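The values are calculated or read from the model by the stated rules, or taken from the named source; none is laboratory data. Note that this is a predicted model, so its numbers are computed, not measured. Don't worry about glycine lacking a Cβ; one is built from the backbone with ideal geometry, like all the others, and counts go over all protein chains shown. Side chains included, ligands, DNA and RNA excluded: accessible areas come from the protein's heavy atoms. Shrake-Rupley method; radii C 1.70, N 1.55, O 1.52, S 1.80 Å.
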Amino acid sequence: MGILKKASIEEYWNSMMPSQVSSWFKTVSSRNTFQNILKFLHVADHERMVDRQHPAYDPASRFKPLLTFINRTFTRLVIPNQELCIDETLVSARGHSIMRQYIPSKAAKFGIKFWMLCEAATGYVLQMNVYRGRHFDPTPRGELQGTNVVLSLLRDSSLFNKGYHVFCDSFFTSINLASNLLAHNTYVTGTLRKNRPMPRTIQKADPLAGTAIYMRQRETLCVAYKDAVDKKPVRMLSTFLPAQDLHNGRPRIVDQYNRYMGAVDSSDAVMSAYSGLWRNKKVWKKVVLHLFHRIMMNAYLLCKNNTSDRVVPRLKFIQHVIEDLAGVQRNIERPRQRNRVDILPRRKEKDCCVCSNRARGGIRRRSRTACILCKRGLHRECVRQHQCIEL
């Protein structure tokens, strides 16, 4: 339904107007059966859930088992590259929920926020943690929320002490985070907010356009760089990259950050093309459908990165998965008949292996063409009945 979009679910079974008929949906399921599946859809045991007044109440309990399962599966299927990316994403939802957040910089504005750990080069999701709100996910005393999020994502995905390099934005990056990750043999590169602790030279720096100011303390490198005269200087931190300017005058830290930081946003943009999310009062159901789309996105990336043949477009991949799940037999494209026969030289004709029956005293029919696979005589009109074509 994300590929073929209509105004409502009922419209997919509309047979009153010829212009709106979609006969495929009727062959798979009836309208009432599909709506009942959506109505009674659950991914958690409802009897084990507690009321909102209970101290052990979890607002994410209705989809938490599915989230735990896919996180465990995502990390088990791949060994990620060294470069990782951490960012936030928002599942659009305007229904009533204590977890609903408002982020004006996102396209959805309102929704459920997830902390995402991705492979920077491909956008493959390794870990997704839902943010349930300040009351249910408090920040430890004396620690920034961004630091706590990064440490929990890497800890849950078992990626500590393996030499990974994490890219994150100014919400997460701090000198405290850098020191914590270095203690676990993990590196970080990201932008710094001006109000965060940093060397005073970097905090008050106002470099000339196209120049950078570096400061280093052991493994931690800070840089202030201004790209143009009319722009503000950007402050960055890295525990992995050197103080090096490229041929275009831009610091290597800035170049690597721009290259690896946008994995989460790129993945969200690709998913939005065939999301198929419709209006729903149940916020947790929208989250469940979003998780299904994340599964499809990761499955496509696995197919794309582990297939040596011609890469199938994402639309074709989704269509093939839909037809396989629905039990629909796809029509396999056969090569053209003219590519299955070869022209024989003059006076080298052969008996057609399909329509000629010389052994039993029947009709003998000579052919100027032969099968390119078995080299036996074969008329062009007999190609479809030939055994090589059937195989």
Quick one: N180 ticks every box in (1) modelled with pLDDT under 90; (2) out of contact with any strand residue (DSSP E or B) (no Cβ under 7 Å at 6 or more places or on another chain) bar one, so which box is it? (1)
Cβ-Cβ below 7 Å, separation at least six or inter-chain, first residue in segment 298-311 and without any contact (Cβ under 8 Å) to a residue 40 or more places away in the chain and farther than 15 Å from C118 by Cβ, second open to solvent by less than 40 Å² (accessible area, probe 1.4 Å) and not in a loop (DSSP other than H, G, I, E, B): which pairs? C303/F317
With the checklist (1) touching a Pro at 6+ places or on another chain (Cβ under 6 Å); (2) modelled with pLDDT under 90 in hand, flag the one item V229 doesn't pass. (1)
Consider V270 carefully, then state whether it is closer than 19 Å to G111 by Cα and modelled with pLDDT of 90 or more. no
In segment 210-225, is there at least one residue being assigned to a loop (DSSP other than H, G, I, E, B) and open to solvent by less than 30 Å² (accessible area, probe 1.4 Å)? no
For the subset of segment 300-347 comprising residues that are modelled with pLDDT of 80 or more and acidic (D, E), which member is least open to solvent (accessible area, probe 1.4 Å)? E323
Just to check your reading of the model, which residue among L159, L181 is in a helix (DSSP H, G or I) and either among the aliphatic types (A, V, I, L, M) or within 28 Å of A299 (Cβ to Cβ) (or both)? L181
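Return the residue satisfying two criteria in turn: it lies in segment 65-81 and is in contact (Cβ under 8 Å) with a residue 60 or more places away in the chain and open to solvent by less than 70 Å² (accessible area, probe 1.4 Å), and of such residues it is nearest to T239 (Cα to Cα). I'd like the intermediate steps shown before the answer.
Keep residues of segment 65-81 that are in contact (Cβ under 8 Å) with a residue 60 or more places away in the chain, which gives 66-67, 70-71, 74-75, 77-78, 80.
Checking which are open to solvent by less than 70 Å² (accessible area, probe 1.4 Å) leaves us with 66-67, 70-71, 74-75, 78, 80.
On the way: L66: 35, L67: 32, I70: 31, N71: 28, F74: 27, T75: 25, V78: 25, P80: 20 Å.
Residue satisfying both the conditions and the ranking: P80.
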If you take the residues in segment 92-109 that are modelled with pLDDT under 90 and either among the hydrophobic types (A, V, I, L, M, F, W, C) or closer than 30 Å to T239 by Cβ (or both), which one is surrounded by the most Cβ atoms within 10 Å (Cβ to Cβ)? A93
Being over 24 Å from S275 (Cα atoms) and either surrounded by fewer than 16 Cβ atoms within 10 Å (Cβ to Cβ) or without any contact (Cβ under 8 Å) to a residue 40 or more places away in the chain (or both) is the filter here, so list the residues in segment 82-91 that pass it. Q82
Those residues that are in a loop (DSSP other than H, G, I, E, B) and either of a type in the set (S, T, N, Q) or more than 18 Å from V283 (Cα to Cα) (or both), I need them from segment 67-105; list them, please. V78, I79, P80, N81, Q82, S97, P104, S105
